[in-house]
Every structure is written in C-alpha cells, then in structure tokens.
1. Once ligands and nucleic acids are excluded and a 1.4 Å probe is used, how much of B:R222 is accessible, expressed in Å² to the nearest 10?
2. Taking the Cα of B:K54, stepping 7 Å toward and past its beta carbon, and measuring to each backbone N in region A:45-65: which are under 16 Å?
3. On C-alpha positions alone, give me the angle between the axis of helix A:342-354 and the longest principal axis of chain A, in degrees, nearest 10.
4. Provide the solvent-accessible area of B:R156, counting protein heavy atoms only and rolling a 1.4 Å probe, rounded to the nearest 10 Å².
5. Over chain A, with every protein chain in place, what whole percent of the accessible area is carbon and sulfur at 1.4 Å, could you tell me?
6. Given contacts defined as C-alpha pairs under 8 Å and at least six residues apart, what's the relative contact order of chain B, whole-number percent?
7. If you take the square roots of the eigenvalues of the alpha-carbon gyration tensor of region A:165-214 and sort them as a ≥ b ≥ c, do you get rounded (a/c under 1.5), prolate (a/b over b/c) or oblate?
8. In nm, one decimal, shortest first: how far is the label point of B:V41 (7 Å from Cα along Cα to beta carbon) from the matching points in the other copies?
Number of protein chains: 2
Amino acid sequence: MTRLALLPLALLAAQAAAPAAVAQPPKREPTPNDTLVSPEVKDKTITFRLYAPKASEVTLRGDWMDGPAVKMTKDDKGVWSATAGPLPADYYSYSFTVDGVRTLDPKNATIKQGVASLDNMVLVPGPEAEFMALQPVPHGEVRQAWYNSSTLGQQRRMHVYTPPGYDAGADKYPVLYLLHGGGDEDSGWSTIGRAGLILDNLIAEKKAKPMLVVMPNGSLPRPANLTPGAKLDPKEMAAIQDRFTNELLKDVVPFVEKTYRVVPDAGHRALAGLSMGGGQTTRVLTTNPDKFGYFAIWSAGLFGGNPDAFEGQNEKFLAEADRVNKGVKLLAITVGDKDFALAGSKALAGVLEKRGIKHELTVTGGGHTWINWRQYLRDLAPRLFQDAK
Amino acid sequence: MTRLALLPLALLAAQAAAPAAVAQPPKREPTPNDTLVSPEVKDKTITFRLYAPKASEVTLRGDWMDGPAVKMTKDDKGVWSATAGPLPADYYSYSFTVDGVRTLDPKNATIKQGVASLDNMVLVPGPEAEFMALQPVPHGEVRQAWYNSSTLGQQRRMHVYTPPGYDAGADKYPVLYLLHGGGDEDSGWSTIGRAGLILDNLIAEKKAKPMLVVMPNGSLPRPANLTPGAKLDPKEMAAIQDRFTNELLKDVVPFVEKTYRVVPDAGHRALAGLSMGGGQTTRVLTTNPDKFGYFAIWSAGLFGGNPDAFEGQNEKFLAEADRVNKGVKLLAITVGDKDFALAGSKALAGVLEKRGIKHELTVTGGGHTWINWRQYLRDLAPRLFQDAK
C-alpha cells in the first residue's frame, strides 16, 4: 500500500467510478513519512529528506558535487535531511547511502535506470534548463523497438526518437546514432539524457534539422568464452571492441534503414557517444570512417593517455588523412575541464593533429556527468545534416 | 561508481575503444556487496539478498505473498537473505523494508515505476510465463507520445503499442484502451504489465487480431481548487470522476484517432482497466456506453458494495438495457477470489443482472495483483475485434 502514500484515499476513490473499489491502506499509527516531501525544489535549492529513524548514518551523493558525499542530519522525528544549492537550473541525479547501503529516495519515482543500478533525478527549473524542458511545442515520439542481433545471437532493444510529423509524412530523414556510457542501457538517453525533449525544442526553433535519433544498448553481454575476472590479452580486447562495431554496423544500422524512413548513406548518418560510448565511437571512426558523415566523441579519449600505442593500433586509419578529411564533415571531441577523460581527450586530439586529420577539441566546464552530455547534444544537433539533401 | 558494480572494469574498458577512457572506481576495501547477487532465480525459487550490516531488521514483501512481510535473516558478513518458492513461473514484484524504511533491491535495476513509488521485478521463467516472455516472434513497438490535454490544461504522456508491421503497412487497426490502477502511471502496462510482449505473442499465434493498445496516464493531477485532505461532497466527487471520462473521450481518443491509422468507431474500440482503472472503465460505461464496443472491468466494482447508491446514480444507463445490449459486444467483469474487490465485483454484476444488462462475471484465483492482470489481458485480447471489418 506504500505506493499510495502520496495520494489521499479520497482522491483515489474519486478518480475511480462512483462508487468503486479501491485499495484500503492498512490501519496503523501515522509517521512523519506519510507526509514527507523529497526532493523539494525552492529558489534553486534542493532539500532532500529520508525517514530512517533507526539509521546511524545517511549520506547524499549527487552529480552536481565535486567532493565527497554529504552527511545528512537527523531530526528528533527520525527524518534525515540535507539541502543543496542554490544550483544552476538543470536536471540532477542523486542517491542516498543508508548505513553503507546505497539506496534510492523512496519519495521520488523519477529515476534513471542503468544495467545494474538506479539513480533518482530532480529538475531545478529555470532558463538554463529550458532547452531540455517539456515545452508547448510539437513533440516527436520515443519508441522502444526490438531487433534480432546476429552479432550477439539474441534479441536486443533500442530506443528510437522520431521527429514531430514523422507518422503523418512521407519524408526520409537523417539519423543520429547516440551512444550511452558504461553501466547504462538504451533507455538512458531518454530518461536522464532527455534526448527527445532536447530534439523537440531544437526542431521547433528550427535550430536542428528534423532527424531520427537511434539509441541502442551499448552494454553488451559478456562473451560466453570470457572467464570472469580474467585479464584480456590484446587480441581478446580487440575482439571485444569489434563486437560493438559489428553490432552497430551489421545489426543496428541495417535494422533502422529497413524499418524507418531514413536516407541510407554516410552523409545522413552521425555517430556520437559519451564515455564508454565515446570509446565505441572512436573505434567505429578508426575502423569505418566512411560509414558516418559526423562523429562526436564526448568524455572519452586515449585510455592511459598513450598516443604511441594508439598510433600503432590505428596506423591504417591515421595514414589516410586525406580520405578521412574528405568524407568526415565533423569530428568533434568534447570534454569537461574537471573530467578525468580530459587528458585522454587531449591525447586523442594530439594524435589527430599530428597526423593531419581534421577535428575540433572543445573543453567545457564541468566533469564526467550528464549535466555536460545533455548540453553536448544540444550543441551538436544543430551542426548535423545542415547541407544534406 | 556503484553503477559499475556488476561489470568488471576490464570488460568496460574492453567495450570502449582501444585504448579509451573509462571510469576508475575509487580504491577501498572489498565488501560482500561487491559480488552480491540478488535476486537469484533457481529451480523456481527466488533468493533475495541485501547487504546491510548495520540494519536491525530487514523484511521482504512480494506480490506472490498472501500474508505479512517476511523477515530476512542476517549472516555474519552483514548480508540479509530470504528465499521464496518454489513459485509458478511468472513475473513478480517485490521491495525491501530496512528498519522501517521501504527501499528497493540495489542489485536489481528491473523496476516498475509508479507515481509515488517503485518496486523491483523478477521473472521466474517457465511454461506458464511464456505468454509474456520475449519470444522470437515479430515485435511491435511501444511508443511514448505527448499530447495536449484540454481537460487537464497540461501536456500529458501516453504509451502506445503499435503491432508488428504497423510502420510498413497502410491498414487501419482497432484500438484497446488499457488503464492502470491507483498509484501507477502510463508506463505501468509496459513494464510490469508486459502488454507489448503479451500482444506480440498473441498476434504471432494468430490468437489476437493486430491492434493498437493505448495506455494513458490515469493518475490525474489534483484539481487546483481541491483542499488536500478535504472530504468531498457527492457533487465534487462526481466532478472528479468525470475528469477522467472527459480526458479519455475529449483528449485521448481524439488524439489517437488523429495520429494513428485506426478505425474511428465504437466497434473498433475496447476499454479495459484494473482497480482504479476498472472504476474509470465503469464510469465511462455508465455515462458513454455507446463509445466502445467492449468493456472489461478488472479487480473493481461497487465501492462499499452499495448497489442501491449505484442504481440511484446510474439510473439513466441502467434503464436502457436494450440499447446497451445492442451496442456492447462484451462487458466482462473479472476478479480474483482473494481480491478485496471480489464483493464489489459481485455487487456490480448483481445490479447488471437485475437490470437485464448482458455481462460476464469471472472469478479467477489470486488477489489484487499484476499476476492476475497480465493473465486477464492475455484472456481478453483474443475476444476483441474478431468480427470487426
């Protein structure tokens, strides 16, 4: 019955038929939890609350924090609380840790789902967040679609954004393939990433061309022959890296081009990814630079910052600067100045510079968080497909 | 970094480019939580585990239970556990309560999202669950669509299932409008309800006609002029009940019939709902019996079991048995024998019987749970639209 906590029984009854059956909460003593509000957003501050009278320590961790988790304080009724901010208008994620166990805010059902965990989300409204807010503009759809992966030998799910008017029209559209990071799955860009709303707003302002955005699941199942915990030799590592490239080029793209009204050529395909997805994007770039007209690598780069190893492994790609420069209209590397991928991003840009491959390196503020990645999508989409058709 | 817990770092690195930046977990002492598995399904039993060394009581509550929550037991490493079953193959929901605070299983990212709470879900595979399993059959899409509600004065979201082949074809389809219960929202039938997969499987077996399934958000915002906690007089109650009817008939149905390729007549519309949604279905039936060819009322009925009050309020409908019997092809009331809505369902059927309105009352096993409602959908869909077109 806990799920009814925020809705008074009278209202539930009233929303049903007159008179109709509704759930009866069990009779018990009221607690502060019954009327607890969390999170509460006010004047750009967020107050988090958790009723946990028996807990001995509760901490709060959010993606706006640079430092360690914040200890929450307990009042005499057993309610723990902490206030953050004032913060810039944005969409934030957070979680609680109760006596060492990471948990969610039970009063906030707005969540981001990962492969192995969840975070709560909370919106601080304001002008800076309008680009990702639900606005009174025409909306596209976000669809969940299943496809058969020959690469992985299983059915896989993707999320697909179709722009406003897709169903009613007959136009063919370009496609942005948009990859999430490690631990996330195909819903990430539609929940915490707010990709559909960002595109709705950009298209309404005529800043971005109408396009499909395909968001596959980049978290691949562990190969059957891979021993858990085993160290990978370079060949095994390469084989695993190629699994996603194969999944994308042999399964995802063909399914999309068969199923949706899209233009099936490189000039109408873009590929962007963050963190692990940025690594996947880099791999596709270096092995198949002719398949996409646009590449964006966010919060990723050279692991360990070893340009020599990267050059050795990607000599074929690096030796063809002319071909790459002719085919690729945009190769954008973006990273925050507090992101641990900063050095790796610079190292990647350094190799491209040295070998004469056209690219951009943009260093923004911020760290390795969705706060940055939503802005990167907002800034990338208007640069795609402007001269297409 | 907790979100990376189930994926070894080497594999994350390997899934990224060679060599690419990935998140580095902070260095700390290992705990039993690092390798904890929950839930673990084996031979139709489910073992639930939670690492909470400082907690003094942890209980488990699941929708297969008739009785009170089960106390979990703690081992000397601080891991609490409990095993359920053997259980019939099905899709179950559960939550933990740690020292009085309801929480989720942090090791299970498969969740059902409500308006004000979350539950974890776990599948026990087996023949009885095949009807809702991901099978190697053609799949439809589940779409999230936004629309403007004139009734509520806000943008609202719905989930829409389109059958396999919808995009490629030109056919017009019938529509099942499918309503969730109190505390849930428009995603419920696509997560814990598994409506898309159930329809995929029924359509592949040619048991159900291809149809759209429209799943609106039946949890309406509180009216601005309604004082929280105030007792509602009958007029206010009626006004609130009519809000959903208006939302459905003036906003949801027109949007669907404008946006999708559907046949816009009553013979190609069905309405089904559970619990609060069953109450909403009852209200639409009694006020607009001519708008849908099929009605299904699940786990709902007469609140308080007062047939006289219901007759008094619905005299116009009840007096037109001939008209209703001619237009409505199916009026199905279904409820479990352990459901608190059993008496109310019987009372509703009693009034219909007395007034000569054709209907079916089916009492199944089970209680007020999604275990039943998924089966009710499986059993209803094949009975819809068979003579249509």
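The values are calculated or read from the model by the stated rules, or taken from the named source; none is laboratory data. Note that this is a predicted model, so its numbers are computed, not measured. Heads up, the Cβs are rebuilt from the backbone with ideal geometry, glycines too, and the neighbour counts pull from every protein chain shown. The area values use the complete protein model at the heavy-atom level, side chains included, leaving out ligands, DNA and RNA. Shrake-Rupley method; radii C 1.70, N 1.55, O 1.52, S 1.80 Å.
1. Counting only protein heavy atoms, B:R222 exposes about 90 Å² to solvent.
2. What the label zone holds, given the 16 Å backbone N cut-off, is A:50-61.
3. Its long axis makes an angle of about 20 degrees.
4. Rounded to the nearest 10, the figure is 20 Å².
5. 53
6. After rounding, I find 12 percent.
7. Judged from the Cα gyration tensor, region A:165-214 comes out prolate (a/c at least 1.5, a/b above b/c).
8. 3.6
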